[in-house]
Every structure is written in C-alpha cells, then in structure tokens.
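The block underneath contains the structure these notes are about, expressed in structure tokens.
The values are calculated or read from the model by the stated rules, or taken from the named source; none is laboratory data. Since the model is a prediction, treat every value here as computed from it, not as a measurement. Virtual Cβ from ideal backbone geometry, glycine too; neighbours counted across all protein chains shown.
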Amino acid sequence: MTPPLLQRAALWRAASLGLWALVMLYSSVDGRLDLLLRAVFHPLVALAGLLLLLVALLQLRLAFGPGRQERGDRRQARTLLLTAAIALLVLLLPPAPSFADLAGQRPRDETAESELSFVLPPAQRSLTDWVRLLRSQPDPKLFAGDPVRISGFVLPMEGEPPQLARLLVRCCLADASPVGLPVHWPAGQAPFPADQWLAIDGVMGLRPAPGGGGERLEVVPSRIRPIPRPARPLEP
C-alpha cells in the first residue's frame, strides 16, 4: 500500500537535503562565505551543494516513483522538519561574526618567518605584513618613522589600550588566529567600539613597552577613518 504523500520518508529527506543544497549554493555566490572560509575553499562548498542537490533529486524520485515506498514515523518527520527549519534560518539570517569576540578567545598567531623573501615598501604593507616583518626583524629602531597605511578591526586588550587587528586563517574561522599592532590612540584610548573597522594613516613610533620592557613600535595615527568591513576580511 502506498503511504500518503506527507508520510513518505523520501519526500522529507528530499526537502531537507534540497534546502541545505540551496544554502551551500547560495552561500557560494552571495559573499557570506568570505566571512567564514578562505576563498580557495569556496568551490568545495559549491561542489558539496551540487552533490547534495543530486541526492535530494534522487530522494524525490523515490518519493514519487513506482514501487514500494518507505513510510516515515513521526520522530523521523520531526527531525527532518527541524533540519529543514535550520536550513531556512541560515538562508534568511546571514552570519555576522564578532571578530573581536572570536579573537579574544583564540591564542595569538606566533608563527614568524625567519627570513622574508620580499619586503614591500612601508606604505604598501598591510597590517599582517607589518606583524610578520616586525617578528622577523625584532629591532624596533629599524622601522621608526616609517609611514603606515593599514586597516583592521578594533581588538580590546587586557591591561592596555586596544590594538588594530586582523584574523589569519588556514581554512576557516575554526582555526582563526588574531594578529595585531599596538596603536597610540588619541587621549590614550580608542574612541571606537570593539569590532569597528578602521583605516589608519600614520607612522611607526617608538614608545615605552608595557611593564617596562624597553621600547616597542606603535602606530602613531595622523588620520583614522571608520570603514565598512571588507568583503574578504580573513587573511591567509
């Protein structure tokens, strides 16, 4: 005996898998993956979406095709309906991660190149370029007075003024590590909230390090501009 339409388990599975396939395919083109995953892995998400869509179509064929059809129970129906509802929420509510909160829960990226094969001119260095350069050349006096043009988000620091930071990822937010540069904010404190993206023009200046540990380089701004979050905020 053929079960009623709403009791066909294959139909429930088709709907659930189809919605998740739509989530993956839509996410691959609307830019939300740039907040979660490095661009090099975006094609894998699209491919997974296509495979899920194929499986959903096969399940749909089972639901309406000839032959014996599997009858689902109420528990299975509730599970698949919940899965479909989650997929709809993901579609309707795009991710808005707090980079500052995430950075505060992750260890700092302490990897450094022992030698840099190529060094950009000062005004062309990104925040990440500066961090890697200062780790490979620990003498701060070498870069005092160099012009700086960087962007990043405001990252609160315990016991000291906020830094301007970026998130480095090898794959996705799950392995993100923050890197940051100290900033000599006007009046000693950042006039911007955590997570605010800023573009800063200025110079590198020598300042006393916290705790009396000699001197360190800090960004001395001549201009600070709030900017929208970049389309691709994660850096490799």
Could you list all residues from the range 171-187 that are surrounded by 17 or more Cβ atoms within 10 Å (Cβ to Cβ) and in a loop (DSSP other than H, G, I, E, B)? A176, W185
Selection count where residues are in a strand (DSSP E or B) and surrounded by fewer than 18 Cβ atoms within 10 Å (Cβ to Cβ), scope the range 206-219: 5
Does the range 137-149 contain any residue that is surrounded by 11 or more Cβ atoms within 10 Å (Cβ to Cβ) and at pLDDT below 85? yes
Within the range 165-193, tally of residues that are out of contact with any Leu (no Cβ under 7 Å at 6 or more places or on another chain) and among the aliphatic types (A, V, I, L, M): 4
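Name the single residue that is surrounded by the fewest Cβ atoms within 10 Å (Cβ to Cβ) among those in the range 192-205 being more than 18 Å from Q124 (Cβ to Cβ) and touching a residue at least 60 places away in the same chain (Cβ under 8 Å).
Result: A194.
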Some residue of the range 154-170 being touching a strand residue (DSSP E or B) at 6+ places or on another chain (Cβ under 9 Å), among the acidic types (D, E) and either under 25 Å from R38 (Cα atoms) or assigned to a helix (DSSP H, G or I) (or both): no
Which of the residues spanning the range 153-167 are surrounded by fewer than 20 Cβ atoms within 10 Å (Cβ to Cβ) and either modelled with pLDDT of 90 or more or not hydrophobic (A, V, I, L, M, F, W, C) (or both)? P156, E158, G159, E160, P161
Is it the case that some residue within the range 92-100 is surrounded by 13 or more Cβ atoms within 10 Å (Cβ to Cβ), at pLDDT 80 or above and in a helix (DSSP H, G or I)? yes
Check L52, L80 and return the single one that is in the same structural domain as R32 (by TED's automatic domain parsing), modelled with pLDDT under 80 and touching a Phe, Trp or Tyr at 6+ places or on another chain (Cβ under 6 Å). L80
